[in-house]
Amino acid sequence: MMIKRWTGVSMLAGLLALTVLPLAANAQAWPAKQPIRLVAVFPPGGSVDQVARILSVPLQQQLGQTVIVENKGGASGTIGTAAVVAAQPDGYTFAVVFDTHGVNQALIPGLSYDTKRDLAPVILVGTSAMVIATNVGSEYKTFADVVAAAKAKKPVNYGSIGSGSLGHLAMTLLGRNGGLDWQHVPYKGGGPLMNDGVAGHVPLTIGSVFVTKPFIDAKRMRPLAVTTSKRTAELPDVPTVAESGYPGFDAPAWWAVLAPAKTPPEIVRRMNEELNKALKSPEVAQRLSGQGISVIGGSPEVARTFIDKQVDIWTKVVHENNIKAD
């Protein structure tokens, strides 16, 4: 009996070893096998595409392997993300995502993947403020003017890049917590939003620094507040929402790199190290800053903690306010 028992244990150990060995071998050989794909989950030209392309250059140099940026846009980033979830977890496919990643699970019924379970965060690339702005000819000179109008029950409309966007959710949260009555006007992206903002067709806009700052620099839009807990280096004279009477308010835009959930931890750690090295390059930091992004970096655990918190915050806002996608 004893011989049979130990034989069974030995066989189980052997089977486990056979399962683990290919993963270990892949991790040791990485990234020599084939080119690495960075799947930008939005179309070319936007901030996600720019982040992927900025990172691809130093990664290629550091790893001695071709790094390809592949755009798979659509459905608020979920088409590209689903493709990465379905990819082989061998360290050759990664997703570059935007803050919509933290909202999609709550906003899109029947999503084919679980945001927390099916993806392994590799790194939090960086964050950016969103800017609440108005036309230069507007009656709103400060964010306090907006608050006063909303509390006086005057009609206050604001535009965002779409229903369920982080801007929409941030203004919903602010309105709910602050007792502010305002109406959302959804647009199909940053271009149409800013066109109407500049023309005064919508009195307030909320969009990323990347989208809004060119119009501020051109003196066509007036910034009133930023949504991060600290002022942004790109607009140092613009107060935060928290400074404007809503302490603790923080709603950053963000970008991250993710891997399929079963990617070997050794590869996730190595990719994290290489990405941190790239982010510490002054040239990369400067180019990301040009997109309005403040570099964060850090460990995969830092990324997971941040992303999970974002998912929890915005899922609650979506459900409590019955927000639907466009």
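The values are calculated or read from the model by the stated rules, or taken from the named source; none is laboratory data. Quick caveat: nothing in here was measured; it's all calculated off a predicted structure. As a convention, Cβ positions derive from the backbone with ideal geometry for all residues, glycine included, and neighbour counts pool all protein chains shown. Keep in mind that these areas ignore ligands, DNA and RNA; they rest on the heavy atoms of the full protein, side chains included. Shrake-Rupley method; radii C 1.70, N 1.55, O 1.52, S 1.80 Å.
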- Query: Residues in the stretch 298-317 that are closer than 30 Å to Pro214 by Cβ and buried (at least 18 other Cβ atoms within 10 Å of the Cβ): how many?
  - Reply: 6
- Message: For the stretch 212-239, which positions are surrounded by 18 or more Cβ atoms within 10 Å (Cβ to Cβ) and either acidic (Asp, Glu) or without any contact (Cβ under 8 Å) to a residue 40 or more places away in the chain (or both)?
- Response: Glu234
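Each row is one residue, and each column tells you yes or no for (1) in contact with a Ser or Thr (Cβ under 8 Å, 6 or more places away or on another chain); (2) modelled with pLDDT of 95 or more.
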| residue | (1), (2) |
| --- | --- |
| Thr263 | no, yes |
| Asn272 | yes, yes |
| Gln291 | yes, no |
| Ser299 | no, yes |
| Asp308 | no, yes |
| Asn322 | no, no |
- Selection status of Gly197, modelled with pLDDT under 95 and not basic (Lys, Arg): no
- Has the stretch 59-72 got at least one residue that is open to solvent by 10 Å² or more (accessible area, probe 1.4 Å), at positive phi and not polar (S, T, N, Q)? yes
- Note on the structure: Heads up, the strands (runs of 3 or more DSSP E) in the stretch 68-135 (entirely inside) with at least 2 residues that are at pLDDT 95 or above, among the hydrophobic types (A, V, I, L, M, F, W, C) and over 17 Å from Ser160 (Cα atoms) are 93-98, 119-128
- Could you check how many residues of the stretch 75-84 are within 16 Å of Gly102 (Cα to Cα) and either of a type in the set (Gly, Ala, Ser) or open to solvent by 40 Å² or more (accessible area, probe 1.4 Å) (or both)? 6
- Item | Verdict on Ser138 being in contact (Cβ under 8 Å) with a residue 40 or more places away in the chain, farther than 27 Å from Lys316 by Cβ and not β-branched (Val, Ile, Thr) | yes
- Task: Mind listing whichever residues of the stretch 146-192 are assigned to a helix (DSSP H, G or I), among the aliphatic types (A, V, I, L, M) and touching a residue at least 40 places away in the same chain (Cβ under 8 Å)?
- Result: Val146, Val147, Leu166, Leu169, Ala170, Leu173, Leu174
- Matching residues, the stretch 212-245, being out of contact with any strand residue (DSSP E or B) (no Cβ under 8 Å at 6 or more places or on another chain) and within 22 Å of Asp99 (Cα to Cα): Pro214, Glu234, Ala242
- Could you figure out which of (1) under 25 Å from Phe210 (Cβ atoms); (2) surrounded by fewer than 16 Cβ atoms within 10 Å (Cβ to Cβ) isn't true of Glu320? (1)
- Are any of the residues in the stretch 164-184 over 20 Å from Val241 (Cβ atoms) and out of contact with any Leu (no Cβ under 8 Å at 6 or more places or on another chain)? no
- Query: Only one of (1) closer than 30 Å to Pro300 by Cα; (2) surrounded by fewer than 23 Cβ atoms within 10 Å (Cβ to Cβ); (3) of a type in the set (Phe, Trp, Tyr) fails for Trp255. Which number is that?
  - Reply: (2)
- Subset tally (residues that are of a type in the set (Gly, Ala, Ser), at negative phi and either crowded, with 16+ Cβ neighbours inside 10 Å or touching a Gly at 6+ places or on another chain (Cβ under 9 Å) (or both)) for the stretch 173-193: 3
